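Reviewing the structure listed below.
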Amino acid sequence: MISKPTIPVPSKKILVVEDDEAIRETIVQHLQIDNFFVVQAGDGEQALKALEHFSPDLILSDINMPRKDGITFFKDVRKHPQWAAIPFLFLTSDNSPTIIRLARELGVEDHLTKPIKHQELTNTINARLLRATEVEVAHIGQAYLETVAVLANAIEGRDNYTRGHVDRVTKIAMWMAQELRWPEDQMRTLEFGARLHDIGKVIVPDHILNKKGKLNEAEWELMKQHPVAGEKILMGISHLHAVRPYVLYHHERWDGCGYPEGLKQREIPLEARLLSIIDVYDALTTERPYHPPRPHEEVLKFLELNAGKHFDPDLVLVFHKVMQMRTQSAH
Ligand SMILES: [Fe+2]
């Protein structure tokens, strides 16, 4: 009885390139049993011709073949942009380290040594196909994030006074996260959280956003809804769920007097406590409709005075340290 593949990937298309007909037939039979759609070629030249009409999900190729050998075939495949991402496995009877090293240097993902065992063939192919799918999903995720970042920039562009705000806030937030030794995935979320934190301002009309002087009560009420509005926008995108704390809670205050939920101290997610310091720092040091820019030192003092009131006191210390380090290294 043939055991089932560990990760079944039905109806994927495989191109098998092998000059030895008996070996090729065995491989094709194995793959057909596993429900793969297989196209065969006897050498590299035939395989290149096949590729003109057939887009495989994976190529399995012998190395030593007449006319065009496996290495030359692999190089030809990688020259074509539309074929460059197809996973490629070598079949080799020569298990010498030299050939394996050469294949690896060329970027071949894996190899199988003849005689091929059915289970090993299945497992190796499924592992490669799964990896290719993961890479594809990651690319789609990246595309999502880029799309939303474009939207965030468009929103920022409406507000004459905050141009550059998002870039500056993101830069300082990354410095702080480095100082706090956040892991890489948390840093990545931070970057998008910092970029997108004010995305909910899409609900605030231009005349309120750019109003000189104080907002009236109704305008202020609308402005205060931007964290909740932002959360609603982003929660529709599964890739962005992790940025929720930045978007929803960046206007909460340590003393519980912030909005939208009036959370206190460590009830406020760490991400939002960190972002709120930088957000306020940047707002105060740059020109706004309602105030001129205030000097760096003066704003640092303001943050210290408000440590334990508006801001997390520990994070204000970290902010201070990071700003001192970075401004010193800039001179
Ligand atoms: Fe905000």
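No value in this document is a laboratory result; all are computed from the given coordinates. Bear in mind that the values here come from a model prediction, so they are computed numbers and not experimental data. Virtual Cβ from ideal backbone geometry, glycine too; neighbours counted across all protein chains shown.
Using alpha carbon centroids, what distance separates the range 36-50 and the range 239-261, in Å?
56
Put a dot 7 Å past each Cα toward the Cβ at Glu267 and Arg101; how far apart are the dots in nm?
Once both label points are built, they end up 6.4 nm from each other.
Which number do you get for Rg(Cα) / (2.2 N^0.38 Å) in the range 160-265?
The reported ratio for this selection is 1.13.
Limiting things to C-alpha atoms, what are the Rg and the maximum Cα-Cα separation (Dmax) for the range 32-170, in angstroms?
Cα radius of gyration and Dmax of the range 32-170 are 21.4, 69 Å respectively.
Working from the pairwise distances between different alpha carbons, so that the mean of 1/r is found and then inverted, what is the range 112-194's Kirkwood radius in Å? Intermediate results must be reported in sequence, preceding the final value.
Numbers: mean 1/r = 0.0615 Å⁻¹.
So the Kirkwood estimate lands at 16.3 Å.
Per DSSP H run of at least 4 residues, take -39500 (n - 2.57); add these up for the chain, divide by its residues and hand me the 222 nm value, nearest 500 deg cm²/dmol. All intermediate terms of the calculation are to be shown ahead of the outcome.
On the way: 14 runs with 180 residues, N = 331.
Helices in the chain give a 222 nm mean residue ellipticity of -17000 deg cm²/dmol.
Please list, in order along the range 184-192, the HN-Hα scalar couplings obtained from phi with the Karplus expression 6.51 cos²θ - 1.76 cosθ + 1.60 (θ = phi - 60°), rounded to whole Hz, x for Gly and Pro.
4, 5, 6, 5, 5, 5, 4, 4, 6
List the residues whose amide H sits under 5 Å from the amide H of Val38, counting only those 5 or more places along or on another chain, with H placed 1.01 Å from N in the peptide plane.
Ile14
Would you please give the residues with an amide H less than 5 Å from that of Leu112, counting only those at least 5 places away or on a separate chain, with H modeled from the backbone geometry?
Phe90, Leu91, Thr92
How much FRET efficiency would the formula 1/(1 + (r/R0)^6) give for Lys232 and Ser55, where r is the Cβ-Cβ distance and R0 is 56 Å, rounded to 0.05? Please list the in-between numbers first.
Working: r = 40 Å, r/R0 = 0.72.
Step by step, r from the Cβ atoms, then E = 0.90.
What ranking of Thr133, Thr170, Thr286 emerges when the number of other C-beta atoms within 10 Å of each C-beta is taken as an exposure proxy, fewest first?
Exposure proxy ranking, most exposed first: Thr133, Thr286, Thr170.
For the range 225-331, report the convex hull volume of the alpha-carbon atoms normalised per residue, in Å³, without decimals.
124
In whole Å, what are the Cα extents of the chain along the three principal axes, biggest one first?
Each principal axis gives a Cα extent; for the chain these are 83, 42, 38 Å.
Under 26 Å between alpha carbons, and skipping anything fewer than 8 positions from Lys13 in its own chain: which lysines qualify?
Here the lysines satisfying the reach criterion relative to Lys13 are Lys4, Lys49, Lys68, Lys75, Lys79, Lys114, Lys117.
Springs between alpha-carbon atoms under 10 Å, Gaussian network over the chain: tell me which of Lys171, Lys211, Lys49 tops the mean-square fluctuations.
Lys49
Only bridges with both residues in the chain count here: give the DSSP antiparallel percent, nearest 5.
Rounded to the nearest five, the antiparallel share is 5 percent.
With a 10 Å Cβ neighbour count serving as the proxy for reagent exposure, in which order, fewest first, do Arg266, Arg195, Arg104 appear?
The order, fewest Cβ neighbours first, is Arg266, Arg104, Arg195.
Which order do His165, His251, His139 fall in if you start with the one that has the fewest other Cβ atoms within 10 Å? Mind showing how you got there, number by number?
Numbers: His165 17, His251 20, His139 11.
Going from least to most buried by this count: His139, His165, His251.
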